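Trainee: Let me begin by handing over the structure; questions about it come next.
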Amino acid sequence: MRHNGIMESHTRWTQITTENPDHSRWYIDRFDKMRAAGVDLDGEARTCDAIAPRAARIIDAGCGPGRTAIELARRGHAVIGLDIDPQLIAEADRAARAAGVDGACDRDVSATSRIDRGTAQRAAQQTGCQKDEPVTISLPESDALFQPGVAQFREANICYPYPRGVGGADLIVCAGNVMTFLAGQGPRLALEQFAAALAPTGQVVIGFGTDRGYEMETFAADCAAAGLVITQRFATWQLAPWQPDAPFLVALLAPGVSHQHCASPAGPTR
(Lines give C-alpha, C1' and ligand atoms only; values in the text may rest on other atoms or scores of the structure.)
Protein backbone atom coordinates (compact mmCIF):
# COMPACT_ATOMS: atom_id res chain seq x y z
CA MET A 1 0.00 0.00 0.00
CA ARG A 2 1.22 3.48 -0.84
CA HIS A 3 0.40 6.73 0.88
CA ASN A 4 1.42 9.95 -0.88
CA GLY A 5 3.61 7.86 -3.19
CA ILE A 6 5.52 6.21 -0.31
CA MET A 7 5.18 2.52 0.49
CA GLU A 8 3.94 1.99 4.04
CA SER A 9 6.29 -0.04 6.19
CA HIS A 10 3.55 -1.69 8.28
CA THR A 11 6.07 -1.90 11.11
CA ARG A 12 6.35 -0.06 14.41
CA TRP A 13 10.10 -0.69 14.38
CA THR A 14 10.56 1.93 11.68
CA GLN A 15 8.71 4.46 13.78
CA ILE A 16 10.78 3.60 16.86
CA THR A 17 14.11 3.93 15.07
CA THR A 18 13.03 7.14 13.33
CA GLU A 19 12.14 8.72 16.65
CA ASN A 20 15.25 7.30 18.35
CA PRO A 21 18.15 6.74 15.90
CA ASP A 22 20.18 5.12 18.70
CA HIS A 23 17.62 2.36 19.31
CA SER A 24 19.15 -0.16 16.90
CA ARG A 25 22.60 0.25 18.47
CA TRP A 26 21.05 -0.17 21.92
CA TYR A 27 19.32 -3.35 20.73
CA ILE A 28 22.57 -4.81 19.37
CA ASP A 29 24.48 -3.93 22.54
CA ARG A 30 21.74 -5.40 24.74
CA PHE A 31 22.13 -8.86 23.24
CA ASP A 32 25.92 -8.61 23.21
CA LYS A 33 25.81 -7.95 26.96
CA MET A 34 23.37 -10.82 27.52
CA ARG A 35 25.61 -13.28 25.68
CA ALA A 36 28.68 -12.01 27.55
CA ALA A 37 26.80 -12.61 30.79
CA GLY A 38 26.17 -16.23 29.81
CA VAL A 39 22.49 -15.90 28.87
CA ASP A 40 21.33 -18.66 26.53
CA LEU A 41 20.36 -16.92 23.29
CA ASP A 42 20.14 -19.97 21.04
CA GLY A 43 16.88 -21.58 22.19
CA GLU A 44 15.03 -20.51 19.05
CA ALA A 45 17.77 -21.93 16.82
CA ARG A 46 17.79 -25.27 18.64
CA THR A 47 14.04 -25.64 18.18
CA CYS A 48 14.24 -24.68 14.51
CA ASP A 49 17.10 -27.14 14.01
CA ALA A 50 14.96 -29.92 15.49
CA ILE A 51 11.98 -29.06 13.30
CA ALA A 52 13.84 -28.63 10.01
CA PRO A 53 15.32 -31.32 7.76
CA ARG A 54 19.11 -31.44 7.49
CA ALA A 55 20.67 -28.72 5.34
CA ALA A 56 17.29 -27.03 5.20
CA ARG A 57 16.52 -23.82 3.36
CA ILE A 58 15.51 -21.41 6.11
CA ILE A 59 14.27 -17.81 6.02
CA ASP A 60 14.73 -15.82 9.23
CA ALA A 61 12.00 -13.18 8.89
CA GLY A 62 12.87 -10.17 11.01
CA CYS A 63 16.34 -11.53 11.69
CA GLY A 64 17.66 -8.55 13.66
CA PRO A 65 21.44 -8.78 14.21
CA GLY A 66 21.44 -12.38 13.00
CA ARG A 67 21.91 -14.50 16.12
CA THR A 68 19.35 -17.19 15.15
CA ALA A 69 20.32 -17.27 11.47
CA ILE A 70 24.02 -17.59 12.29
CA GLU A 71 23.47 -20.40 14.77
CA LEU A 72 21.35 -22.27 12.23
CA ALA A 73 24.08 -21.85 9.61
CA ARG A 74 26.58 -23.26 12.11
CA ARG A 75 24.33 -26.32 12.25
CA GLY A 76 24.59 -26.76 8.48
CA HIS A 77 21.44 -25.03 7.26
CA ALA A 78 21.18 -22.58 4.36
CA VAL A 79 19.80 -19.40 5.88
CA ILE A 80 18.68 -16.04 4.53
CA GLY A 81 17.86 -13.37 7.08
CA LEU A 82 15.52 -10.49 6.21
CA ASP A 83 15.10 -7.30 8.22
CA ILE A 84 13.88 -3.78 7.54
CA ASP A 85 16.61 -2.16 9.67
CA PRO A 86 19.86 -1.53 7.73
CA GLN A 87 21.87 -1.16 10.94
CA LEU A 88 20.77 -4.60 12.14
CA ILE A 89 21.54 -6.10 8.73
CA ALA A 90 25.03 -4.58 8.82
CA GLU A 91 25.61 -6.08 12.26
CA ALA A 92 24.32 -9.46 11.08
CA ASP A 93 26.75 -9.39 8.15
CA ARG A 94 29.61 -8.53 10.52
CA ALA A 95 28.65 -11.28 12.97
CA ALA A 96 28.36 -13.86 10.17
CA ARG A 97 31.86 -13.00 8.98
CA ALA A 98 33.17 -13.29 12.54
CA ALA A 99 31.49 -16.69 12.87
CA GLY A 100 32.83 -17.90 9.52
CA VAL A 101 29.40 -18.61 8.02
CA ASP A 102 29.08 -15.67 5.63
CA GLY A 103 30.34 -17.29 2.40
CA ALA A 104 33.37 -16.08 0.52
CA CYS A 105 32.46 -14.58 -2.85
CA ASP A 106 29.64 -12.41 -4.19
CA ARG A 107 27.78 -13.45 -7.34
CA ASP A 108 25.65 -11.50 -9.77
CA VAL A 109 22.23 -13.12 -9.12
CA SER A 110 21.74 -10.54 -6.38
CA ALA A 111 23.73 -7.51 -5.34
CA THR A 112 24.78 -9.08 -2.04
CA SER A 113 24.39 -12.82 -2.65
CA ARG A 114 27.12 -15.08 -1.33
CA ILE A 115 28.04 -18.72 -1.75
CA ASP A 116 29.79 -21.15 0.54
CA ARG A 117 33.59 -21.26 0.69
CA GLY A 118 33.89 -24.61 -1.11
CA THR A 119 31.91 -23.37 -4.08
CA ALA A 120 33.81 -20.08 -3.99
CA GLN A 121 37.16 -21.90 -4.10
CA ARG A 122 36.06 -23.91 -7.12
CA ALA A 123 34.81 -20.72 -8.77
CA ALA A 124 38.11 -19.00 -8.00
CA GLN A 125 40.03 -21.81 -9.69
CA GLN A 126 37.80 -21.51 -12.75
CA THR A 127 37.62 -17.72 -12.99
CA GLY A 128 40.56 -16.31 -11.06
CA CYS A 129 38.20 -14.65 -8.59
CA GLN A 130 39.75 -13.51 -5.33
CA LYS A 131 37.79 -13.20 -2.07
CA ASP A 132 35.05 -10.52 -2.22
CA GLU A 133 35.30 -10.20 -6.02
CA PRO A 134 32.11 -10.84 -8.06
CA VAL A 135 31.67 -14.19 -9.75
CA THR A 136 29.12 -15.32 -12.33
CA ILE A 137 28.01 -18.94 -11.99
CA SER A 138 24.98 -20.39 -13.77
CA LEU A 139 22.73 -21.90 -11.11
CA PRO A 140 19.00 -21.62 -10.46
CA GLU A 141 18.29 -18.50 -8.41
CA SER A 142 17.29 -20.40 -5.28
CA ASP A 143 20.40 -22.60 -5.49
CA ALA A 144 22.53 -19.53 -5.97
CA LEU A 145 21.18 -17.99 -2.77
CA PHE A 146 20.59 -20.91 -0.42
CA GLN A 147 23.89 -22.59 0.47
CA PRO A 148 24.26 -25.04 3.37
CA GLY A 149 26.31 -23.68 6.24
CA VAL A 150 25.96 -20.09 5.04
CA ALA A 151 23.96 -17.22 6.56
CA GLN A 152 23.17 -14.31 4.26
CA PHE A 153 21.27 -11.14 5.06
CA ARG A 154 19.05 -8.80 3.04
CA GLU A 155 17.44 -5.50 3.93
CA ALA A 156 13.78 -6.20 3.20
CA ASN A 157 10.30 -5.51 4.52
CA ILE A 158 8.81 -8.90 5.43
CA CYS A 159 5.31 -7.57 4.66
CA TYR A 160 6.11 -7.33 0.95
CA PRO A 161 7.44 -9.80 -1.67
CA TYR A 162 10.93 -11.00 -0.89
CA PRO A 163 14.07 -10.34 -2.97
CA ARG A 164 14.58 -12.39 -6.10
CA GLY A 165 15.38 -16.05 -5.44
CA VAL A 166 14.29 -16.04 -1.79
CA GLY A 167 11.66 -18.75 -1.79
CA GLY A 168 11.04 -22.47 -1.59
CA ALA A 169 11.92 -22.45 2.11
CA ASP A 170 11.71 -25.60 4.20
CA LEU A 171 11.26 -23.44 7.29
CA ILE A 172 10.50 -19.80 8.00
CA VAL A 173 11.25 -18.60 11.51
CA CYS A 174 9.82 -15.36 12.89
CA ALA A 175 11.06 -14.96 16.47
CA GLY A 176 11.85 -12.11 18.85
CA ASN A 177 8.32 -10.64 18.99
CA VAL A 178 8.66 -9.52 15.37
CA MET A 179 4.94 -10.04 14.73
CA THR A 180 4.05 -7.62 17.51
CA PHE A 181 6.20 -4.90 15.91
CA LEU A 182 4.05 -5.04 12.77
CA ALA A 183 1.28 -2.46 12.55
CA GLY A 184 -2.12 -2.32 10.87
CA GLN A 185 -2.40 -5.07 8.27
CA GLY A 186 1.30 -5.87 8.72
CA PRO A 187 0.88 -9.24 10.49
CA ARG A 188 -1.53 -10.53 7.86
CA LEU A 189 0.66 -9.27 5.02
CA ALA A 190 3.70 -10.94 6.59
CA LEU A 191 1.85 -14.24 6.93
CA GLU A 192 0.86 -14.01 3.27
CA GLN A 193 4.51 -13.60 2.32
CA PHE A 194 5.45 -16.56 4.54
CA ALA A 195 2.91 -18.70 2.69
CA ALA A 196 4.22 -17.52 -0.69
CA ALA A 197 7.86 -18.24 0.22
CA LEU A 198 7.32 -21.75 1.62
CA ALA A 199 8.09 -24.99 -0.17
CA PRO A 200 4.96 -27.20 -0.47
CA THR A 201 6.02 -29.23 2.58
CA GLY A 202 7.53 -26.29 4.46
CA GLN A 203 6.62 -24.99 7.89
CA VAL A 204 6.56 -21.64 9.68
CA VAL A 205 7.48 -21.21 13.35
CA ILE A 206 6.47 -17.96 15.04
CA GLY A 207 7.09 -16.78 18.59
CA PHE A 208 5.71 -13.69 20.34
CA GLY A 209 4.42 -12.46 23.67
CA THR A 210 0.67 -12.78 24.07
CA ASP A 211 0.44 -9.57 26.10
CA ARG A 212 1.89 -7.29 23.40
CA GLY A 213 -1.32 -6.34 21.59
CA TYR A 214 -1.59 -9.11 18.97
CA GLU A 215 -4.57 -11.16 20.15
CA MET A 216 -4.77 -14.92 19.60
CA GLU A 217 -8.10 -14.57 17.84
CA THR A 218 -6.64 -12.05 15.41
CA PHE A 219 -3.59 -14.23 14.84
CA ALA A 220 -5.82 -17.20 13.96
CA ALA A 221 -7.86 -15.07 11.56
CA ASP A 222 -4.69 -13.75 9.91
CA CYS A 223 -3.40 -17.30 9.48
CA ALA A 224 -6.68 -18.31 7.86
CA ALA A 225 -6.58 -15.34 5.49
CA ALA A 226 -3.02 -16.24 4.48
CA GLY A 227 -3.92 -19.89 3.90
CA LEU A 228 -1.83 -21.23 6.77
CA VAL A 229 -2.89 -23.89 9.29
CA ILE A 230 -1.86 -23.65 12.96
CA THR A 231 -0.66 -27.22 13.51
CA GLN A 232 0.88 -26.91 16.99
CA ARG A 233 1.02 -24.38 19.81
CA PHE A 234 3.51 -24.21 22.67
CA ALA A 235 4.18 -21.82 25.54
CA THR A 236 7.97 -21.56 25.16
CA TRP A 237 10.75 -22.19 22.66
CA GLN A 238 11.50 -25.30 24.75
CA LEU A 239 8.04 -26.51 23.63
CA ALA A 240 6.31 -26.38 27.01
CA PRO A 241 2.61 -27.29 26.66
CA TRP A 242 0.34 -24.46 25.60
CA GLN A 243 -2.11 -23.02 28.10
CA PRO A 244 -4.70 -20.33 27.26
CA ASP A 245 -3.15 -17.97 29.83
CA ALA A 246 0.45 -18.52 28.71
CA PRO A 247 2.41 -15.24 28.36
CA PHE A 248 4.17 -16.46 25.21
CA LEU A 249 3.16 -18.35 22.09
CA VAL A 250 5.29 -20.51 19.81
CA ALA A 251 3.13 -21.61 16.87
CA LEU A 252 3.88 -24.03 14.07
CA LEU A 253 2.12 -23.31 10.78
CA ALA A 254 1.83 -25.21 7.53
CA PRO A 255 0.18 -24.54 4.16
CA GLY A 256 -3.56 -25.09 4.60
CA VAL A 257 -6.45 -26.26 2.51
CA SER A 258 -9.25 -24.23 4.07
CA HIS A 259 -9.97 -21.40 6.45
CA GLN A 260 -11.89 -23.75 8.70
CA HIS A 261 -8.84 -25.95 9.26
CA CYS A 262 -6.70 -22.93 10.07
CA ALA A 263 -8.95 -21.16 12.52
CA SER A 264 -10.05 -24.06 14.71
CA PRO A 265 -6.74 -25.04 16.40
CA ALA A 266 -6.23 -21.57 17.88
CA GLY A 267 -8.29 -22.40 20.95
CA PRO A 268 -9.48 -19.95 23.57
CA THR A 269 -8.14 -16.44 23.57
CA ARG A 270 -6.59 -14.82 26.58
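Trainee: If I stretch the segment between residue 29 and residue 201 completely, what's the gain in nm (0.36 nm per residue apart, minus their alpha carbon distance), one decimal?
Mentor: Length gained between residue 29 and residue 201: 58.2 nm.
Trainee: Let me ask another. Express in Å², to the nearest 10, the accessible area of residue 12 obtained by rolling a 1.4 Å probe over the protein heavy atoms while all chains stay in place.
Mentor: 110
Trainee: Still on this structure: Hey, any idea what % of region 2-104's accessible area is carbon plus sulfur with a 1.4 Å probe?
Mentor: Heavy-atom surface of region 2-104 belonging to carbon and sulfur, 1.4 Å probe: 51 percent.
Trainee: Would you work out the relative contact order for region 146-197, in percent, from Cα pairs under 8 angstrom that are 6 or more residues apart?
Mentor: Relative contact order of region 146-197: 50 percent.
Trainee: Further question on the same structure: When the solvent-accessible surface of protein heavy atoms is calculated with a 1.4 angstrom probe, in what order do 84, 158 fall, highest first?
Mentor: Greatest to least solvent exposure: 84, 158.
Trainee: Mind putting together the pair-distance distribution for region 176-218? All Cα pairs, 10 Å bins, whole percent per bin, short to long.
Mentor: Pairs per bin, as whole percents: 26, 53, 20, 1.
Trainee: Can you tell me the accessible area per residue over region 172-218, all protein chains present, probe 1.4 angstrom, in square angstrom?
Mentor: Accessible area per residue, region 172-218: 36 Å².
Trainee: Sticking with this one: Below 9 angstrom from the Cβ of residue 83, what's the summed charge of the other residues (Lys, Arg +1; Asp, Glu -1)?
Mentor: Result for the neighbourhood of residue 83: -2.
Trainee: In region 185-252, what percent of the accessible surface is made up of carbon and sulfur (1.4 Å probe, ligands and nucleic acids excluded)?
Mentor: Heavy-atom surface of region 185-252 belonging to carbon and sulfur, 1.4 Å probe: 53 percent.
Trainee: Grab the beta carbon distance between residue 50 and residue 22, set R0 = 35 Å, and tell me the FRET efficiency rounded to 0.05.
Mentor: In this case the efficiency is close to 0.45.
The values are calculated or read from the model by the stated rules, or taken from the named source; none is laboratory data. On a predicted model such as this, the values are computed, not experimentally measured, just so you know. Heads up, the Cβs are rebuilt from the backbone with ideal geometry, glycines too, and the neighbour counts pull from every protein chain shown. The accessibility values were calculated without ligands, DNA or RNA, using every heavy atom of the protein model including side chains. Shrake-Rupley method; radii C 1.70, N 1.55, O 1.52, S 1.80 Å.
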